[in-house]
1. Any idea what the relative contact order of chain B is, in percent, if you count C-alpha pairs under 8 Å spaced at least 6 apart?
2. Need the C-alpha centroid separation for region B:18-95 versus region A:60-134, integer Å.
3. Would you mind getting me the FRET efficiency between B:Thr372 and B:Ile202? Use the beta-carbon distance for r and R0 = 41 Å, nearest 0.05.
4. Give the long-range amide H neighbours of A:Glu173: residues separated by 5 or more places, or on another chain, with amide H under 5 Å away, using H modelled in the peptide plane at 1.01 Å from N.
5. Distance between the C-alpha centers of region B:196-240 and region B:314-355? Whole Å please.
6. So what is the 222 nm mean residue ellipticity for chain A from helices alone, if each DSSP H run of at least 4 adds -39500 (n - 2.57) and you divide by all residues, rounding to the nearest 500 deg cm²/dmol?
7. Can you tell me, using C-alpha contacts under 8 Å and at least 6 residues apart, the relative contact order of region A:37-147 as a whole percent?
8. Tally Lys and Arg at +1 and Asp and Glu at -1 over the other residues with C-beta under 15 Å from the C-beta of B:Ser380: what net charge comes out?
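All of the numbers you see were taken from the coordinates with simple rules; none came from a lab. Predicted, not measured: the structure shown is a model, and the values here were computed from it. As a convention, Cβ positions derive from the backbone with ideal geometry for all residues, glycine included, and neighbour counts pool all protein chains shown.
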Amino acid sequence: MSTSHKVHGLMAEFSDGDELLAATRRAYEAGYRQMDAYTPFPIHGLAEAIGFRHSRLPLIVLLGGLTGTATAFLLQWYPAVIDYPVNIGGRPLNSWPAFVPIMFELTVLFASFAAVLGMIGLNGLPKPYHPVFNVERFQLASKDRFFLCIQSNDPKFDLTQTRQFLEDQRPHEVAEVAP
Amino acid sequence: MAGEQKIRRTADMLPPVVAPQYTVGSVSDKISEIVLTKKTPRPWYFGVALTMVISLMLFNAIGYLLLKGVGIWGVDVPVAWGFAIVNFVWWIGIGHAGTLISAILLLLKQEWRTSINRFAEAMTLFAVACAGMFPLLHLGRPWVFYWLFPYPDTMGLWPQWRSPLVWDVFAVSTYATVSLLFWYVGLIPDLATLRDKAQNGIAKVVYGIMSLGWRGSAIHWHRYEIAYLLLGGLATPLVVSVHSIVGMDFAGGIVPGWHSTIFPPYFVAGAIFSGFAMVATLTIPLRKWYGLEGIITIRHLDNMGKIMLATGLIVAYGYAMEVFIGYYSDNTYEWFMTTNRMFGPYAWAYWMLIFCNIITPITLWSRKVRTTPIVLFVISIIINIGMWMERYVIVITSLHRDFLPSSWGMYAGTQWDWMTYLGTLGFFALCLILFIRVLPMISMFEMRQLVSQYREDAGTSAQVALQED
């Protein structure tokens with residue numbers, strides 16, 4: 001099975017999101033784990049069908065937001081109380097209610113950066129080269145075609161058997177993905 | 001049960017959010033061909049030339065301002081906040097509709113937003129860019145604008161954290177940054193589509209780099225949707241906070257006509273009102289020129305009309321409350337300010353704003369008016385003018401006659417004020433014209449999702465439709 005090392009995987013093309021979803025579920029039932037599906041728009045349940053359980057992204061955004069809140073409070077508290085205290089009619093130096101608007105703004109700012117950079121980072125982007133782009137028809141994945149790729153690093157992967165499995169899902173076409 | 005059926009029937013009678021002939025593939029083609037075509041429409045060049053000339057007028061006005069100082073503007077004591085602040089509030093308000101459409105309507109699952117959100121977000125960015133110019137130029141010495149930010153400077157000074165003007169620096173810069181992030185995240189999958197469809201080698205490389213190598217993986221989409229939804233959730237309170245803080249810039253001062261607790265909510269409503277008017281002003285001609293009537297449908301115009309009507313009524317309530325509080329407060333200065341607005345030297349501005357913002361939007365109660373593009377277009381322009389007049393009235397009439405008659409004065413914008421204001425309109429239009437040529441003005445991936453849902457709902461399987469083309 002030396003050939004299996006020379007390919008990234010096998011890719012099946014479907015013309016409908018529901019067919020892809022059904023095929024992905026059957027592939028998971030058949031025991032395939034190292035696979036990915038590619039679609040022109042988000043399809044609900046597809047990530048779960050591949051075996052993806054939950055994302056750490058919301059936690060990253062929460063931590064980003066809290067960092068923003070703390071940064072903004074310290075940014076205002078330090079000058080107002082320690083570095084440049086101004087006595088205005090005996091009012092408290094640590095006038096925290098007046099610090100709330102900027103604390104809110106920086107919470108949103110930091111959380112937004114956490115959401116965007118977190119999403120890009122967890123997704124492993126930017127990634128200028130990826131083997132799936134070697135498939136001629138894959139450019140339609142950003143238009144109106146749906147793809148399922150079973151990767152050769154899956155322990156169950158076998159060039160002939162996996163191809164047979166994919167053919168059974170009645171795809172439009174099955175292609176080998178050059179690494 | 002019967003009520004539910006009735007609602008369903010009314011919903012069926014509404015014009016569709018997207019014309020039924022579109023498929024997942026053809027909707028992408030339709031939107032991307034505007035960008036990827038080799039033949040740039042001739043009127044586009046004309047538009048660029050015209051707005052470029054107007055932008056040059058803006059740069060000229062700014063150049064002369066840097067040379068001479070703010071004395072070339074009409075601002076003086078007692079009216080030290082003239083056109084610059086009027087324009088700042090007007091532009092930032094226009095920007096707010098973009099965030100409202102992209103964030104609040106996303107959270108409320110209003111699918112009709114899909115056709116207009118990208119464009120409205122771009123409008124937000126360019127409007128905020130125009131807005132940001134004014135307070136900076138108004139500083140007098142714009143080259144030391146960085147004094148606004150907290151940093152350990154050699155003067156040993158810090159910003160005044162208890163001032164709404166400092167909050168505003170943070171609010172507007174956060175708003176600009178988050179709007180840009182939101183817009184870019186929305187663009188990533190569409191940039192990948194352009195990368196895959198582009199024939200031109202340079203375009204392919206540029207779109208490829210900008211799309212970060214997006215390949216539409218299911219796991220990526222999963223995280224993407226989480227990030228997009230969270231950004232929507234963050235941008236929603238942000239947009240409210242930004243214009244509330246702009247309202248507090250005024251409410252924090254003790255000038256009659258400014259010192260009012262109604263300002264933050266009334267400013268937010270006014271911002272959405274003027275922003276939707278601007279979205280209507282821009283999309284009505286665009287959908288016509290680019291043949292997008294099947295994507296930006298009559299349903300969108302109808303909905304925008306309804307939002308203008310609702311926010312217009314909130315604004316009208318704000319005006320009524322200002323008059324009522326002026327009377328009910330039993331405060332000499334408040335009541336004088338109120339009557340001076342209505343019958344003083346700037347009465348023309350006040351009645352013009354009442355006409356533009358209260359009388360004109362009454363016509364929006366009629367469905368016929370909301371669904372006739374040309375009429376809605378004219379109304380939207382009147383509202384844009386009205387909202388500019390509103391800020392003019394708030395800034396100028398409040399300042400020109402305050403407590404002491406000895407310090408009263410009159411104000412009028414000079415030619416440099418007008419050149420700067422009209423110049424930003426040209427600059428805004430130039431940015432939009434360049435944007436629609438190089439980036440998809442409608443979110444393609446969201447349209448694909450919408451079309452696929454519609455096809456399933458309609459009982460025609462997407463498969464049949466896809467095999468047709």
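1. Result for chain B is 32 percent.
2. If we compute the Cα centre of each part, the gap is 31 Å.
3. Efficiency, rounded to the nearest 0.05: 0.45.
4. Result for A:Glu173 returns A:Glu13.
5. 47
6. Working: 5 runs with 76 residues, N = 179.
Computed mean residue ellipticity for chain A: -14000 deg cm²/dmol.
7. With pairs under 8 Å counted, the relative contact order is 44 percent.
8. Neighbour charge sum, excluding B:Ser380 itself: +3.
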